[in-house]
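Below: the structure, in structure tokens.
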Amino acid sequence: MAVRVRMAPSPTGEYHIGHIRTVLYNWAFAKKHKGKFIIRIEDTDRERYVEGAVERILEVIKLYGLDWDEGPSKGGDFGPYIQSERLEIYKEHANKLIESGDGYYCFCTKGRLDSLRRSQRESGAAITKYDKHCLRLSKKEVKAKLESETPYVIRLNVRSGEEISFYDEVYGEIIVRSEDIDDQVLIKSDGFPTYHMAVVVDDHLMEISHILRGMDWIPSTPKHILLYKAFGWNPPTYAHLPNIKELGEGKKLSKRYGSVFALDFLQEGYLADAVLNFLMFLGWNPGTEKEIYSLEEFINDFSLDNVNKTDLVSFDRQKLLWMNGYYIRNMSSADLLQKIKEWAAYFSIDLVGTDYPNEYSIKVLDQIKERMRLLKDFNDLASYYFKIPDVPPELLTKYTKGRARAISILKDFKSHYEQISDWDSNNLEVRSRELLKAEEYSPKEAFMTLRVAVTGQDATPPLFDILELIGKKDTIVRLDKAIKSL
Ligand code: GLU
Ligand code: ZN
């Protein structure tokens, strides 16, 4: 059977980083089995509908590079892929259930349902359930109510005494008693289907073979199984995925600890590939030590057998940051520059050094990328390569005994450097050490003072590499400026 998997976003808000994990697993599973990955928009909850969310969700999935084979803006043989455009299909199917007795009209008012729930709660019932009141209406009564346009919903007729079971590829056999399942609403009074109705009809009609989704949906699955049964269809294969929690907190991701939305991670300067690599391990493990995975390798090694059978997996923000740094370090500086420019353009972020030629910026990256963990670090780490920094005077004297000594170091080096014509890092180092000896400066006081004078900072890449790159003229100007400031 052809593998067809889907991700079914609800446009109720911004896309969460955990959703991207689930998209990734579906995407990779489709690729691995030479199947299709489908996106379907589940927009039937009109009360929670957020304007523009569909476009933003699709955009962020694309930004992560997880393209789909069928769905909005792509089309396909099983469309439309937006549920609000499929209302007739759900109605037809609900009517079939009414004919077979698996579904029925319910005309109960909100008032009646509320008091029913209240009295069930007061009598200590474990769950509150609809009492099948309207199932007992005669055909004639139903007809009259429909003709008089009494508002109604359509419910599933769940018969008691049944055992509903399904086999989950991750969590194993799951069994529920039908007594524990409500006669859930399939079509709401606004004519829209509920999630349960629409998801089952669409997964069937779109020939979805496997459902990979968060384990939050496990309690819904028996309801879906009942619907498949009522329609006389075979359910797909289910594989639920562990929930993601904040490391050490045991609860879901929270803004308090950092970003939670998929787009925000990109805006902060995480690379999509690094985030995906990190997400691979939130619910899956190859069982080896290997943790740097390309998408291709993931497609190869991903299998439902290796999905973690656990309730919660930890989102380790420090690990993600480390991984991003790893990806940055291991990129060519030319590619990295390209990425930084695309990122800045996409998020309208001002970059330092845009008036410099690429060759220069690439050399800057050669020196600083070791220290970068996020794309946005570029602006801080690279700024003094492009413009003369303001140097805090207290930093200039921090590594020497007194202001006079700092001035004498800077003056000596300035005139020494003015004599050097072979301006490369090796030669600069040799010549600088000659001066140290002659003047009896300690390496630390001299080189730290120089470093601060030239960069405005005391933690930087190797000093002589910086001097070589910014050039003789610029170095002299900076030393001069520092001397004057003292
Ligand atoms: N629309 C549901 C959601 O928002 C889809 C759940 C499912 O995958 O069945 O997650
Ligand atoms: Zn009713």
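Restricting attention to region 99-123, which residues are within 14 Å of ligand 2 (Cβ to nearest atom) and touching a strand residue (DSSP E or B) at 6+ places or on another chain (Cβ under 7 Å)?
Restricting attention to region 99-123, the residues satisfying the condition of being within 14 Å of ligand 2 (Cβ to nearest atom) are 103-117.
Listed by number, the residues that qualify are Gly103, Tyr104, Tyr105, Cys106.
When residues of region 285-318 are filtered for being in a loop (DSSP other than H, G, I, E, B), surrounded by fewer than 17 Cβ atoms within 10 Å (Cβ to Cβ) and not β-branched (Val, Ile, Thr), how many remain?
Of the residues in that region, 11 qualify.
Restricted to region 21-71, and to residues that are assigned to a strand (DSSP E or B) and in contact with a Phe, Trp or Tyr (Cβ under 6 Å, 6 or more places away or on another chain), which residue is farthest from Phe278 (Cα to Cα)? Give the steps one after another, and end with the answer.
Applying the first criterion (assigned to a strand (DSSP E or B)) to region 21-71 yields 36-39, 41, 70-71.
This time we only want the ones that are in contact with a Phe, Trp or Tyr (Cβ under 6 Å, 6 or more places away or on another chain), so: 37, 39, 71.
Values: Phe37: 21, Ile39: 23, Gly71: 26 Å.
Per the criteria, the residue is Gly71.
Would you please name the residue that is farthest from ligand 2 (Cβ to nearest atom), looking only at residues in region 145-157 that are in a strand (DSSP E or B) and either hydrophobic (A, V, I, L, M, F, W, C) or loosely packed, with under 15 Cβ neighbours inside 10 Å (or both)?
Only one residue tops the list, namely Leu156.
Within the bounds of region 133-148, is there any residue that is away from ligand 1 (no atom under 16 Å from the Cβ) and either aromatic (Phe, Trp, Tyr) or closer than 14 Å to Lys223 by Cβ (or both)?
No.
Being farther than 22 Å from Asp69 by Cβ and buried (at least 21 other Cβ atoms within 10 Å of the Cβ) is the filter here; which residues of region 29-53 pass it?
If the condition is that a residue be farther than 22 Å from Asp69 by Cβ and buried (at least 21 other Cβ atoms within 10 Å of the Cβ), then Thr44 is the only one that fits.
Can you tell me which of Gly232, Gly248 is free of Cβ contacts under 8 Å to residues at least 60 places away in the same chain, surrounded by fewer than 21 Cβ atoms within 10 Å (Cβ to Cβ) and of a type in the set (Gly, Ala, Ser)?
Sole residue among the options that is free of Cβ contacts under 8 Å to residues at least 60 places away in the same chain, surrounded by fewer than 21 Cβ atoms within 10 Å (Cβ to Cβ) and of a type in the set (Gly, Ala, Ser): Gly232.
Just give me the residues in region 158-175 being of a type in the set (A, V, I, L, M), part of a loop (DSSP other than H, G, I, E, B) and more than 16 Å from ligand 1 (Cβ to nearest atom), in sequence order.
Correct list: Val158 only.
How many of the residues making up region 233-251 are basic (Lys, Arg) and over 17 Å from Asp311 (Cβ atoms)?
The number of residues fulfilling the criteria is 0.
Within the set of pairs 6+ apart or on separate chains, which have a first residue in region 88-109 that is at negative phi, a second that is outside any helix (DSSP H, G or I) and more than 16 Å from ligand 2 (Cβ to nearest atom), and C-beta atoms under 7 Å apart?
Tyr90/Pro193
Collect the residues in region 344-376 that are surrounded by fewer than 14 Cβ atoms within 10 Å (Cβ to Cβ) and either under 27 Å from the mean Cα position of the chain (by Cα) or under 25 Å from Lys319 (Cβ atoms) (or both), keeping them in residue-number order.
Of everything in region 344-376, those that are surrounded by fewer than 14 Cβ atoms within 10 Å (Cβ to Cβ) and either under 27 Å from the mean Cα position of the chain (by Cα) or under 25 Å from Lys319 (Cβ atoms) (or both) turn out to be Ala345, Tyr346, Ser348, Asp350, Glu370.
Run down Ala344, Ala382, Ala404, Ala334 and say which single residue is in a helix (DSSP H, G or I) and more than 30 Å from Lys62 (Cβ to Cβ).
After applying the criteria, what remains is Ala404.
From the set of residues in region 167-219 that are within 16 Å of ligand 2 (Cβ to nearest atom), crowded, with 17+ Cβ neighbours inside 10 Å and of a type in the set (S, T, N, Q), which is farthest from Ala28 (Cα to Cα)?
Gln184
From the residues in region 133-144 that are within 10 Å of ligand 2 (Cβ to nearest atom) and in contact (Cβ under 8 Å) with a residue 24 or more places away in the chain, which one is surrounded by the fewest Cβ atoms within 10 Å (Cβ to Cβ)?
Checked region 133-144; the qualifying residue surrounded by the fewest Cβ atoms within 10 Å (Cβ to Cβ) is His133.
All of the numbers you see were taken from the coordinates with simple rules; none came from a lab. Keep in mind that this is a model prediction, so the values were computed, not measured. Using ideal geometry, Cβ is built from the backbone for each residue, glycine included, and neighbour counts are taken over all protein chains shown.
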